[in-house]
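Below is one structure; the comments refer to it alone.
Read-outs throughout are calculated quantities, based only on the coordinates presented, and are distinct from any laboratory measurement. Only a predicted model underlies this, so the values are computations on that prediction, with no experimental measurement involved. Here the Cβ positions follow ideal geometry from the backbone for every residue, glycine too, while neighbour counts run over all protein chains shown.
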Amino acid sequence: MSLISCLIEDILTKKKNGVIIYLMRKKIFFALGIIFFISCSFLGRTPSDISVLLPADGALFQPANLQLVWYCENADKFQIYFGENQDSMDMISEQTGSTYEFTKLSPRTKYYWKIKAINNVGEKVTAVLSFTTGTIPDPVTNLLTPENMSMINEPNAWVSWEAVAYADSYFVEIAFDTMFLNLELSQMFDTTVCFHRDFIPLDTLYWRVQSWNTFGHAEWSPVHWFYVVRYLPK
C-alpha cells in the first residue's frame with residue numbers, strides 16, 4: 001500500500017472514531033438530562049434560599065410581642081432556632097408555616113435566631129440573625145392642658161400631654177379626688193390628646209397620665225388639677 005493510501009485510511013479512521021465519540025457524548029448528555037428530569041419530577045428540588053422578611057437583621061427597639069416572617073419555596077417544613085447565645089440556640093419549633101410569633105420577650109435583650117428549611121431532597125439554612133428588644137417607656141412628666149391650678153368655663157375641654165420615648169399608648173385618669181377613687185375618666189389613648197365632654201361645673205378635677213408599651217408601663221405623671229367654673233348650658 002502506498003504512503004498516500006495509508007494517510008487517507010488513517011484520516012478516515014480518525015474521522016469515523018470522532019463521529020462515534022461525538023454520538024456517544026450526545027447519548028450520554030441526553031441520558032443525563034433524562035435522569036435529571038426524572039429526579040426533579042419524582043424527588044423534587046431542594047428548598048430555595050430563605051428570604052427573611054421580618055425583623056431585619058440587627059433590628060433595634062423591637063416589641064415584646066414580635067413576629068418572625070420569612071419566605072422559602074419547595075420546603076416541606078421549617079425548624080426555628082432561637083436563643084440569647086448564638087452558639088447555643090435551641091430549636092423552639094418545627095412547623096410548615098413561614099411565620100412564628102413571640103409574646104412577652106424580655107426588655108433590653110439581644111436575641112439570635114435562624115431558620116432551616118427542609119424537604120426530602122435537602123435543606124437550606126439562613127445565617128444567624130439577631131434583633132434587640134426595647135424597654136418600658138419613659139414616664140410622662142409634662143402635662144400641657146389644662147394648665148395646673150387653672151380654671152375652665154366650658155363643659156368640654158382638651159386634655160393634652162407631652163409624648164415620651166418608647167410609648168405606644170397613654171392611660172389617662174381624671175378624678176374628683178386625689179386618690180383617684182371617684183373617676184370621671186379612665187381610658188387608654190394612642191395619641192397625646194383627648195377631648196372630654198360635659199365636665200360638671202363647680203368641681204375640682206385631678207388628672208394624671210401613664211405611658212405604656214408592650215413591655216409594661218412607667219410610673220404615673222405628676223398630678224395636676226383644674227377647676228370647672230359655672231358655665232351657661234348650650
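What the table below lists for this structure:
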quantity	calculated
Cα-based Lys proximity count in segment 74-188, under 23 Å, for pairs eight or more positions apart or on separate chains	6
Exposure proxy ranking, count of Cβ atoms within 10 Å, fewest first, for Tyr170, Tyr206, Tyr71	Tyr71, Tyr206, Tyr170
Length-normalised contact order for segment 51-133 - Cα pairs under 8 Å, 6+ apart - percent	37 percent
Sum of side-chain charges, Met89 neighbourhood, beta-carbon under 12 Å (Lys, Arg +1; Asp, Glu -1)	-1
In sequence order, calculated HN-Hα J values of segment 152-159 (Karplus, 6.51, -1.76, 1.60; Hz; x Gly/Pro)	10, 10, 10, x, 10, 8, 8, 10
Inter-label distance, nm, simple model (7 Å from Cα along the C-beta direction), Glu147/Val193	1.8 nm
Table column - 3J(HN,Hα) (Hz), segment 88-100, Karplus curve with 6.51, -1.76, 1.60, x for Gly and Pro	9, 7, 9, 7, 9, 7, 10, 8, 9, x, 10, 9, 8
Proxy reagent accessibility, fewest Cβ within 10 Å first, across Asp90, Asp168	Asp90, Asp168
Among Leu54, Gln86, Asn65 the positive-end extreme of the charge dipole of segment 37-126 (Cβ point charges)	Asn65
Long-range HN-HN contacts of Ala167 with modeled amide H, under 5 Å	Asp138
Qualifying GluC sites (Glu not before Pro) for segment 145-234 [loop in DSSP, other Cβ within 10 Å: at most 14]	Glu147, Glu162, Glu219
Sequence-distant residues sharing a close amide H with Leu53 (under 5 Å, placed H)	Val69, Trp70, Tyr71
Amide hydrogen neighbours beyond the local backbone of Thr109, cut-off 5 Å, H modeled	Thr133
Karplus-derived 3J(HN,Hα), 6.51/-1.76/1.60, for each residue of segment 67-74, Hz, glycine and proline x	10, 8, 9, 9, 9, 7, 9, 6
